[in-house]
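In what follows, a structure is listed as structure tokens, so that the remarks can point back to it.
The values are calculated or read from the model by the stated rules, or taken from the named source; none is laboratory data. This is a predicted model, so every value here is computed, not measured. Cβ placement follows ideal geometry from the backbone for every residue including glycine, while neighbour counts extend to all protein chains displayed.
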Amino acid sequence: MHTRTARTSVLAVCTLFILAAIAPKSQAESLERLRTASPRLRAVLAAALERSPTLQSLAQRIAASNVIVYVTCERFASVRLNGQTMWADGNSEARYLRVQVDCFLTQSHLVAILGHELQHVAEVADTQEVVDSDSFGRLFHRIGYRTCSGRGAEQFETDRAIATGERVRQEVLYRWPIGARVVADDGRRVPAQ
């Protein structure tokens, strides 16, 4: 009986170690299409993904696609520009995008910009017809509106990305639980009790 209890204990411990090893790998696999070399961005993304169901949903949409996105830090010449999503390259197996964000923003603003730009990435991920820079531009011309044109580059915006960025920021700031009902309270949107 003693050996049987010992074997059962060893089996239980081994099972726990295997489950512990599998769980982080599953989460890492879902995010491997979302890449950054920046320790700050990696930390901000990880924290925001824990708190924001909207950001989790965007990451899942990207992970389920053939889009690979590199998120990098950038300083912009314009004070009105805090982030941008650009077409990088593509082939039959993968489409590559680059997201640049101003890493000197406060954390709440950085979270909002990441949500905003990752909404643009998800818009591309959901549209299989986007296979090059021309089709990338056509997509945003169709679903958005032009905000700037000059120096050989057009810039577009979508209302959905603006709303998504703000929603992600609110979810991270107020740690909204998944499925929380939102109510208006003196002009502020807060989770219902």
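Can you find a residue that is modelled with pLDDT of 50 or more, surrounded by fewer than 16 Cβ atoms within 10 Å (Cβ to Cβ) and in a helix (DSSP H, G or I) anywhere in segment 12-33? No; the residues of segment 12-33 include none that is modelled with pLDDT of 50 or more, surrounded by fewer than 16 Cβ atoms within 10 Å (Cβ to Cβ) and in a helix (DSSP H, G or I).
All of Glu117, Glu154 fail the test of being of a type in the set (D, E, K, R), in contact with a strand residue (DSSP E or B) (Cβ under 7 Å, 6 or more places away or on another chain) and at pLDDT below 80, apart from Glu154. For first residues located in segment 90-112 and farther than 20 Å from Ala125 by Cβ, partners that are modelled with pLDDT under 95 and exposed (fewer than 13 other Cβ atoms within 10 Å of the Cβ) and lie 6+ apart or on another chain with Cβ distances below 8 Å form the pairs Asp102/Arg75; Phe104/Arg75.
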